[in-house]
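Asks: After the structure tokens below, expect a handful of questions from me.
Throughout, read-outs are computed from the coordinates displayed, never taken from laboratory work. This is a predicted model, so every value here is computed, not measured. Counting neighbours? That spans all protein chains shown, and the Cβs are built from the backbone with ideal geometry, glycine included.
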Amino acid sequence: MTELNFKGKEFVWNHHLTVPFRPLEPHPEKGIGEPALDGNLIIHGDNLHALKALLPTYAGKVDCVFIDPPYNTGNEGWCYNDNVNAPMIREWLEANPIGIEDGLRHDKWCAMMWPRLRLLHDLLSDEGTLWMTLDGNEAHRAKLMLDEIFGEECHLGTLVWEKSDSPRMDAKVFSTSHDFLIAFAKSPDAMIFQRLEAEEEDLPDHYNLRSEDGRPYYLKPLRAMGGQGDSREARPNLYFAMTDPDGKEVFPIRQDGSDGAWRWSRTKVEAEISRIEWRRDRGDGGWVPYFRIYADSSGGRPPGTIWYHEEVGSSRTGKALIKRIFGESSFDTPKPIGLIGRILEISTERDSIVLDSFSGSGTTGHAVLEANARDEGNRRFLLVEMEDYADKVTAERIRRVISGYPYSGVINTELYKERLTWTKLKNAEKLTEQVEKIENLHRHEYDAIKKAVKDGELIVTPAYSPKSG
Ligand SMILES: C[S@@+](CC[C@H](N)C(=O)[O-])C[C@H]1O[C@@H](n2cnc3c(N)ncnc32)[C@H](O)[C@@H]1O
């Protein structure tokens, strides 16, 4: 397996083992209800120590880890602070914070992440999955580190989250509108991986037929076509007579008139006869057999690899929610609750434990509470944040969500804005679909949503005061 080498790797390789255990100190006055190590926890401190402290109680018990660590853009001012016993790494402590000019920026980031990822791996249950957002600065290095820690075969996918809903006109090169979401399973054979709820409109357009009992399907010709296996010579067992609705025998015949082959064996045709449908669409008016392919919507739909902002929210909707909860922009880089909500939908059951060790404004905790409210679940969250705002923002958000947050002020958040051009107007149907999606996404957050055209722009905004928790 290709491995990633970074400066300091040999020193941090087993650093997670040497980090000393520190017990967690409860602060009952800051919580709601009795403090309990097995309840929802918000831990203020460096996550290396916090994860170590969680090990005795939670090793092998966490079903979902979501992390949104520093992306290492060079502008975040994050610091390397780990107490690793090696002179080279000690020197790194002098060069904080890590800026764009730091030639070891990527090595330091990997050295910081490595022991934390090892501890997160230990905390995951066999059914557990880890999800991490990053951008092009570190996603490729993170993938290689995770390959090494989890095993390459445990990589579920590297998805694209469309974080922005409008282009950046000041971009020097590309206007980047996505982040990556890397997903790994502790054990792909045992993992929790739920399909998403399927709506009729999620079906691809070609499922345009409906069965007698209303199930969507499309048709595929029963005769094999193209490739070497479509001749009688190649597949003699698949050349046999079928009986058409007029009682006549029909054989598979290729375009050039030679003997062909069916896609299904005689046994399969007999077993699945209810899926065979005859159509009179041959040039001579004769019958042609097709078979039905039903959409398996009963079991939901598999999540795609591009998560659009209309479905899961954007950076802007993440910030708008913070503004609603606090009445001001108390945190700069929150993820939208819909993004983490979808991760929970896929990766948790009603009693799962969810861990976020870079929790920032506490979106993960909020999403866990929402998921429980939706399905009467009993999921629990473990959040870690090292900055001083662990109480004033992270924990305060959770307290406000639990007790219902009052709101005062005017909402001037735009949920969607689109300059109307002739091309856009010609595709009005697409535009209205887009607006409907935005409405669906935000309906639960506001009392109403207003659409207006102003100065050549279509603008969608929340109309009234939001629900107060
Ligand atoms: C990008 S923010 C996460 C935002 C979060 N997903 C949200 O929706 O609000 C990353 C957070 O990780 C925290 N952080 C960085 N290094 C940390 C560490 N070693 N231990 C604990 N928290 C850390 C930062 O203070 C910051 O709040």
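Asks: Based on alpha-carbon centroids, what's the gap between segment 1-61 and segment 317-370 in Å, whole number please?
Replies: 20 Å
Asks: Based solely on its DSSP helices, what 222 nm [θ] is calculated for the chain when runs of n ≥ 4 H residues each add -39,500 (n - 2.57) and the sum is averaged over all residues, nearest 500 deg cm²/dmol? Show your work: numbers first, answer last.
Replies: Values: 14 runs with 131 residues, N = 469.
Value at 222 nm, helices only, nearest 500: -8000 deg cm²/dmol.
Asks: Okay, next question. Say a paramagnetic label sat at a point 7 Å from the Cα of Arg282, along Cα to Cβ; which residues of segment 235-272 have their backbone N under 15 Å from it?
Replies: 240-262
Asks: Hey, another quick one. State, to one decimal in nm, how far the label point of Thr333 lies from the label point of Glu76, with both points 7 Å from Cα in the Cβ direction.
Replies: In this crude label model, Thr333 to Glu76 measures out at 0.4 nm.
Asks: Have a look at segment 11-80 and give its Rg and Dmax from the Cα atoms, expressed in angstrom.
Replies: 14.7, 42
Asks: Continuing with this model, one more query. Only four residue types carry charge here, +1 at the Cβ of Lys and Arg and -1 at the Cβ of Asp and Glu. Report the dipole size of the chain about the Cα centre in Debye, rounded to the nearest 20.
Replies: Numbers: 60 positive and 77 negative charges, 145 e Å.
Charge dipole of the chain: 700 debye, to the nearest 20.
Asks: Based only on other Cβ atoms within 10 Å, what is the fewest-to-most ordering of Ile100, Ile459?
Replies: Working: Ile100 9, Ile459 15.
Sorted ascending by nearby Cβ count, the order is Ile100, Ile459.
Asks: Here's a follow-up. At q = 0.09, 0.12 Å⁻¹, work out log10 I(q)/I(0) for the chain with the Debye formula, treating every Cα as an identical point scatterer and leaving solvent out; two decimals please.
Replies: Log10 I(q)/I(0), no solvent term: -0.75, -1.09.
Asks: What percentages, rounded to whole numbers, describe P(r) for segment 135-220 computed over all alpha carbon pairs with 10 Å bin width beginning at zero?
Replies: Final binned percentages: 13, 26, 24, 27, 10, 1.
Asks: Okay, next question. Give me the one-decimal Kirkwood hydrodynamic radius in Å for segment 200-297, with the sum taken over alpha-carbon pairs.
Replies: Values: mean 1/r = 0.0689 Å⁻¹.
Taking every pair of different Cα atoms in segment 200-297, averaging 1/r and inverting gives 14.5 Å.
Asks: Over segment 200-297, what is the mean sequence separation of C-alpha contacts under 8 Å (at least six apart), divided by residue count, expressed as relative contact order in percent? Walk me through the numbers before you get to the answer.
Replies: On the way: 151 pairs, mean separation 29.9, N = 98.
Averaging sequence separation for qualifying contacts and normalising by length gives 31 percent for segment 200-297.
Asks: With Rg and the Kirkwood Rh both taken from Cα atoms, where does Rg over Rh land for segment 416-462? Present the calculation step by step, with values, prior to reporting the outcome.
Replies: Working: Rg = 11.0 Å, Rh = 11.1 Å.
A ratio of 0.99.
Asks: Enumerate the calculated ³J(HN,Hα) couplings along segment 282-294 in order (Karplus 6.51 cos²θ - 1.76 cosθ + 1.60, θ = phi - 60°), each rounded to whole Hz, writing x wherever the residue is Gly or Pro.
Replies: 7, x, 8, x, x, 7, 10, x, 10, 10, 8, 10, 7
Asks: Quick one: Glu29, Glu418, Glu396, Glu91, fewest Cβ neighbours within 10 Å first, how do they rank? It would help to have the intermediate numbers written out before the result.
Replies: Working: Glu29 6, Glu418 16, Glu396 20, Glu91 10.
Placing the least packed residue first, the sequence is Glu29, Glu91, Glu418, Glu396.
Asks: Can I ask one more? At a Cα cut-off below 25 Å, give the lysines reachable from Lys248, other chains included and same-chain residues fewer than 8 away excluded.
Replies: Lys220, Lys268
Asks: Also, quick follow-up: Quick query: amide H of Tyr80 versus all other amide H atoms, modeled in the peptide plane; which residues come in under 5 Å with a sequence gap of 5 or more or a different chain?
Replies: Placed amide hydrogens put Ile98 under 5 Å from Tyr80.
Asks: For segment 264-372, give the magnitude of the charge dipole about the Cα centre (Cβ charges: +1 Lys/Arg, -1 Asp/Glu; no others), in debye to the nearest 20. Write out the running numbers ahead of the final one.
Replies: Values: 15 positive and 15 negative charges, 69 e Å.
That gives segment 264-372 a dipole magnitude of about 340 debye.
Asks: Rg to Rh ratio, segment 214-373, alpha-carbon atoms and Kirkwood radius? Before the final figure, lay out each step's value.
Replies: Values: Rg = 26.9 Å, Rh = 20.6 Å.
Expressed as Rg/Rh, it is 1.30.
Asks: Using a Förster distance of 45 Å, how high is the FRET efficiency between Lys9 and Glu233, based on the Cβ-Cβ distance and rounded to 0.05?
Replies: Numbers: r = 58 Å, r/R0 = 1.30.
Once rounded, the FRET efficiency stands at 0.15.
Asks: Filter the chymotrypsin sites (Phe, Trp or Tyr not before Pro) in segment 1-81 down to the DSSP loop ones having no more than 14 other Cβ atoms within 10 Å, then list what survives.
Replies: Working: sites: Phe6, Phe11, Trp13, Phe21, Tyr58, Phe66, Tyr71, Trp78, Tyr80; in loops: Phe6, Trp13, Phe21, Tyr71, Trp78, Tyr80.
Passing sites in segment 1-81 are Trp13, Phe21.
Asks: Let me ask you something else. So what is the relative contact order for the chain, in percent, with contacts set as C-alpha pairs under 8 Å and at least six apart? Show your work: numbers first, answer last.
Replies: On the way: 830 pairs, mean separation 73.1, N = 469.
Relative contact order of the chain: 16 percent.
Asks: Quick one: of the DSSP bridges fully inside the chain, what percent are antiparallel, nearest 5? List each step's numbers first, then the result.
Replies: Working: 40 of 57 bridges.
Percent antiparallel among DSSP bridges in the chain is about 70.
Asks: Right, something else. Which entries in Lys172/Lys451; Lys61/Lys163; Lys323/Lys417 show an alpha-carbon gap greater than 26 Å?
Replies: On the way: Lys172/Lys451 32 Å; Lys61/Lys163 31 Å; Lys323/Lys417 19 Å.
Pairs exceeding the cut-off: Lys172/Lys451; Lys61/Lys163.
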